[in-house]
Amino acid sequence: MDYRILGRTGLKVSSYSLGTGSFGWWGNSNEEECFQIVDQALAEGINLIDTADVYSAGVSEEIVGKALKGRRNEVVLATKVGLPMGNGLNQSGNSRFWIKQEVENSLRRLQTDHIDLYQLHRPDPQTDIEETLSVLTELVQEGKIRYFGSSTFQAWQIAEAQAVSEQRNLASFASEQPPYSILNRGIEFDVLEATRKYGMGILVWSPLSGGLLTGKYSKGQTASTDSRATRFKGNTLGDVVDPTREENTLKFDMISRLQQLADESGMTLAHLAIAFTQVHPSITSTIIGPRTLGQLQDTIKGADIHLSTDILDAIDTIVAPGLTLDALERGWAPDWMNATSRRRA
């Protein structure tokens, strides 16, 4: 396992991070197997665990808290805030009101007195960024969080936040967590350059495009009953990998070419895909989200793969740098893109 510095924090984190979005009823409700996944990840040298309050409505954080009991200080523990946690009018977003409440809930579920990296799960256009940075700075000063970061922010939002931090003498984002894969290269266009300029670490999620780059989905075929496409049917998490969805037709054509490249290079498609996300010099760590112990063990086998220039050039001919093929893979649909905002009254 390689280790890299998270932005300017000085923190050394593993090049693979353990994502726990599948812990709980979203994916795996077997706590014992989830504990085994954590045990195996730590044994393999992974030292960054990423979760979120919204994953299985808090259950993921609870499982992670139990799994780390007695060895909390062995890991860099990251969680997120901002997506809805109930039906209350203020049980979401990046306001002072909600963050002050929800950080306490996350600390309780995680059974810890501090969070190493507290991340805004999505931008919140309805809350002034100074309001959010102010409360996050207070949480750092109180010792409840060590650092904070963003997730799925656009480059201009990253730049705005950094400017406000400097102007108002507030702590600043230490990291950004965007989606990134061979099929979803949009962050190469500007986000990665923005984070490089501001010295931020990058933790990328969905390196397998939700599972499309595992090769288990085929164009025109019905997804298996235990697949994400079936378990989250009618939800963005499922639609993004639905083999019957028109937007995925083009992706399947490219996946076929990528599979051939992987075969010729002597590696699995999944290993090729994850190794691709490790190459860009701005990337600190790739978040892998195994649902089972077997998935983790298989993924870890590719940790030592380093792609040659020839392979990277071949990938570029299949999916051009900076290209995002599917709007769903951006991870966030901004308010200004809805029909009302785009049309005159």
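Some values worked out for this structure:
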read-out	value
For region 254-275 and region 120-156, distance of Cα centres in Å	37
The chain - charge dipole about Cα centre, Lys and Arg +1 at Cβ, Asp and Glu -1, debye rounded to 20	440
Region 37-116 - percent of accessible surface contributed by carbon and sulfur, probe 1.4 Å	47
Span-rule helices in the chain, defined as complete DSSP H runs reaching 15 Å or more along the axis (Cα) with Kyte mean at least 0.5	269-279
Accessible solvent surface per residue of region 110-190, calculated while the other protein chains remain in place, 1.4 angstrom probe, Å²	38
Contour excess over end-to-end distance, with Cα ends at Ala57 and Leu312 and 0.36 nm allotted per residue	87.9 nm
Relative counts (whole %) of C-alpha pair distances in the chain, using bins that are 20 Å wide	31, 61, 8
Exposure of Met200 as accessible area (Å², to 10), given a probe of 1.4 Å and all protein chains	10
Cleavage-rule hits (chymotrypsin sites (Phe, Trp or Tyr not before Pro)) in region 5-70: DSSP loop, at most 16 neighbouring Cβ within 10 angstrom	Trp25
Cα-derived Rg to Rh of region 5-48, Kirkwood definition	1.09
With 5 Å bins from 0: P(r) over region 44-120, alpha-carbon pairs, percent	3, 16, 30, 25, 14, 7, 3, 1, 0
Counting DSSP beta bridges with both ends in the chain, the antiparallel % (nearest 5)	20
Heavy-atom surface of region 240-342, accessible at 1.4 Å and reported per residue (Å²)	48
Subset of Lys100/Lys216; Lys251/Lys301; Lys80/Lys197 violating a 32 Å alpha-carbon distance limit	Lys100/Lys216
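The values are calculated or read from the model by the stated rules, or taken from the named source; none is laboratory data. Because the structure is predicted, anything quoted here is derived from the model rather than measured. With ideal geometry, Cβ positions are generated from the backbone for all residues, glycine too; neighbour counts draw on all protein chains shown. All accessible areas refer to the heavy atoms of the entire protein, side chains included, with ligands and DNA or RNA removed. Shrake-Rupley method; radii C 1.70, N 1.55, O 1.52, S 1.80 Å.
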